[in-house]
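Here's the structure we're looking at; comments come further down.
No lab work stands behind these numbers, since they all come straight from the coordinates. None of the values given here were measured: they were computed from a predicted structure.
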């Protein structure tokens, strides 16, 4: 586990080890979520409001199971 910055809130977070083309974050503000490398790169210049919208969409897609929200595309 390493300490990083949440790409959504900008808060310090724990980034968790992964085995795929994504980074998993555990943020005290945003909760636990995953983001693909390409989505992370694309989100860099977006305002926080837009980033939160992508996270909310990922949360909606993950409902109904034990799935972790995953932002795949931006």
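Worth pointing out:
- Sequence-separation-based contact order of region 2-71, relative, with Cα cut under 8 Å and 6+ spacing, percent: 25 percent
- Mean projected area (nm²) of the alpha-carbon convex hull when region 2-71 is viewed from all directions: 4.5 nm²
- The chain - mean residue ellipticity at 222 nm from DSSP helices (-39,500 (n - 2.57) per run, n ≥ 4, rounded to 500): -9000 deg cm²/dmol
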